[in-house]
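First the structure, in the form of C-alpha cells, and then the observations on it.
Derivation of every value follows stated rules applied to the coordinates shown; laboratory data play no part. Computed from a predicted model, the values in this text were never measured in an experiment. Neighbour counts are summed over all protein chains in view; Cβ atoms, including those assigned to glycine, are modelled from backbone coordinates with ideal geometry.
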Amino acid sequence: MAKDIETAAVTIVPPNGPLVGRVAPPGSKSITNRALLLAALARGTSRLTGALKSDDTKHMANALRQMGIGVEEPDETTFIVTSPGHLTAPQGPLFLGNAGTATRFLTAAVASVDGTVVVDGDEHMRKRPIGPLVTALRALSVDLEAPSGCPPVTVRGKGALPPGRVEIDAGLSSQYVSAILMAAACSSGPVEIVLKGSEIGARGYIDLTVAAMRAFGASVEQPDAATWRVQPTGYRAADYVIEPDASAATYLWAAEALTGGRIDLGVPADAFTQPDAKAQAIIAQFPDMPSVIDGSQMQDAIPTLAVLAAFNNNPVRFVGIANLRVKECDRVRALSTELTRIRPGLAWEEGDDLIVAADPSLAGQTLATEIHTYADHRIAMCFALAGLKLHGITILDPACVGKTYPGYWRALASLGVTLVDRNA
C-alpha cells in the first residue's frame with residue numbers, strides 16, 4: 001500500500017529483515033506554523049521552503065487567508081505569503097481543528113487586529129487548556145474571554161498588542177510564551193515577558209521561536225533565563241528555509257533501531273535545532289536505553305521512546321511528562337492503555353510517570369491487538385513501530401497521521417513494510 005491511507009484500520013506485517021533505504025521527513029510542523037504567522041505579520045512577500053503541508057499547517061494557512069493574507073502554495077513544500085504587514089478581522093470564527101500551535105499563536109496574534117476575532121477548534125481542541133495564555137494577555141490589557149479555560153476564545157483587538165511587562169505560567173506549555181513573544185513585536189511599545197515559576201514545558205521550542213522572529217527582523221533580548229524583552233519593530237518579509245521535523249524523524253530512527261536497519265534521512269541528527277532531536281541519542285542506546293528518561297524537553301518524542309521501551313532489555317520509567325496529559329489526548333494514559341492492550345502488565349502509570357516493563361521476548365510473537373489511536377497522530381505512528389516486531393498489530397483510524405505526517409504510511413511502505421488494509 002503505497003499511498004496515503006484512508007481506511008478504518010491497517011495491519012502492519014513485520015519485515016523479514018532490516019529496513020534499509022532513504023526517507024525524507026516532512027518539514028517541521030513547529031517551525032512551519034511559526035514561519036507562516038511571522039510572514040503574515042511582515043509587510044511584503046515571504047517565501048517559505050521545506051514547509052510541512054498537513055492538517056495543522058493547513059488550518060493555520062486558512063486562518064491567515066481569512067484575515068486578509070495572501071497564502072499561495074506553488075508546490076508540496078512551499079508557501080508564498082503576501083501581507084500588508086497586519087491582520088484584519090475575519091468574517092467568521094477561525095476554525096483550527098486540533099492544531100494547538102495555531103490556536104495558541106493566533107490567540108495572541110489577533111490582539112493586533114482592529115475588531116473581534118473568535119479562535120476555535122474541534123471537540124478535542126475544546127478540551128485543551130489555554131487559561132494561562134488568556135490570563136497573561138489580560139495582564140497586558142487585552143480584552144478577551146475563554147469561559148471554559150479552553151477554546152473558543154473571543155478576542156476584541158484594538159489594532160495592536162498593548163505594551164508592558166507580563167508574567168506567564170508556562171508549566172503546561174512553552175507555546176504560551178512563544179505566542180506572546182511573536183505578537184510582542186507588533187505591540188505599540190516594548191514588551192517584557194517573565195516566567196512565573198521555574199517550570200516550563202520544552203524550553204527549546206522558545207529558542208526556535210526567537211530564532212524565527214529574528215529571521216523576520218524582530219529585536220529580542222534575553223537578559224536572563226526567565227526573561228525576554230521584545231522591541232516593537234514589527235516584521236519584514238523574508239525567504240525562510242524550514243528544517244525537517246525532528247518529531248517525525250524519531251519514528252524513522254526507532255524503526256532503524258528495532259530492525260537493525262539503516263535509514264538515510266538526508267540530514268544528520270546533530271543538524272536539527274528542534275528539542276525532540278535529543279531522542280536520537282537515547283534511541284541509539286537501544287536495547288539498553290536508560291532506566292529513567294526525562295521527557296520534559298522532548299515531549300513529542302516520548303510516545304516513540306515508550307513503544308521502543310517495550311522491547312528494551314530493562315524497564316524504563318518516563319518522568320517529566322505531565323504535559324503529555326493535555327496534548328491531542330492524554331498521552332500518558334493512552335500509552336499505558338495501549339501497551340497493556342498488547343500484553344497485560346506491559347506498562348502502568350504512577351502519578352504522572354509512565355513505567356514500561358520491557359520484554360524483549362515479545363519480538364516475533366503473534367499478539368493480535370487493535371490499537372485505539374484517540375484521534376492522535378502520535379499514538380498511531382508510535383504503535384505502528386510495535387508492528388515491526390509483533391505480528392497482529394492493527395492501527396485503528398490510521399488517517400489521523402495527516403495532522404503532521406500525511407506521508408507516514410507511504411514512508412514505511414517505501415522501506416519495504418507491508419501494510420494490510422483490513423477493509424480491502
| Principal-axis tilt of helix 331-342 within the chain, Cα atoms, nearest 10 degrees | 10
| task | Using the structure shown, select from K58/K127; K327/K403; K327/K389; K53/K403; K58/K403; K29/K403 the pairs with a Cα to Cα distance greater than 19 angstrom. | result | K58/K127; K327/K389
| task | Quote the Stokes-Einstein diffusion coefficient, in whole µm² s⁻¹, for region 279-341, based on the Kirkwood radius over alpha carbon pairs, a temperature of 4 °C and a viscosity of 1.567 mPa s. | result | 110
| Counting alpha carbon pairs within less than 8 Å and at least 6 residues apart, what relative contact order, in whole percent, applies to region 29-241? | 21
| task | Using packing as a proxy for protection, rank 237-247, 254-264 so that the peptide with the highest average count of other Cβ atoms within 10 Å comes first. | result | 237-247, 254-264
| field | Value at 222 nm in deg cm²/dmol, rounded to 500, when DSSP H runs of n ≥ 4 in the chain each add -39,500 (n - 2.57) | value | -8500 deg cm²/dmol
| remark: Here the relative contact order (percent) of region 189-245, from C-alpha pairs under 8 Å and at least 6 apart, is 40
| Ordering of 400-413, 330-343, 71-84 by packing [mean C-beta count within 10 Å, highest first] | 400-413, 330-343, 71-84
| Taking the mean number of other Cβ atoms within 10 Å as a proxy for protection, how do you rank 266-273, 153-160 from highest to lowest? | 153-160, 266-273
| remark: Percent antiparallel among DSSP beta bridges confined to the chain, rounded to 5, stands at 65
| Using alpha carbons only: equivalent-ellipsoid semi-axes of the chain, gyration tensor based, whole Å | 37, 22, 19
| remark: Note on region 224-336: contact order normalised by length, alpha-carbon pairs under 8 Å, 6 or more apart, percent, works out to 21
| task | With everything on Cα atoms, drop me the angle between helix 175-184 and the longest principal axis of the chain, reported from 0 to 90° to the nearest 10. | result | 30
| query | What is the distance, in nm, between label points placed 7 Å from the Cα along the Cα-to-Cβ direction at R333 and at R43? | reply | 5.0
| said: For region 58-95 and region 278-323, what is the centre-to-centre distance using only Cα atoms, to the nearest Å? | reply: 37
| said: Taking every pair of distinct Cα atoms and averaging 1/r, then inverting, what Kirkwood hydrodynamic radius in Å comes out for region 29-241? | reply: 16.6
| task | Just the number, please: Stokes-Einstein D of region 4-80 in µm²/s, Kirkwood Rh from C-alpha pairs, 25 °C, 0.890 mPa s. | result | 167
| message | For region 72-112, place one equal point scatterer on every Cα, skip the solvent, and apply the Debye formula. What is log10 of I(q)/I(0) at q = 0.18, 0.19 Å⁻¹? | response | -0.73, -0.81
| message | Using the Cα centre of the chain as origin and beta-carbon charges of +1 (Lys, Arg) and -1 (Asp, Glu), tell me which of H372, S141, L354 is placed farthest towards the positive end of the dipole. | response | S141
| Inter-label distance for N62 and D224, nm, one decimal - labels placed 7 Å from Cα along Cα-to-Cβ | 4.5
| note | Counting only DSSP beta bridges fully inside region 29-241, the antiparallel percentage to nearest 5 is 65
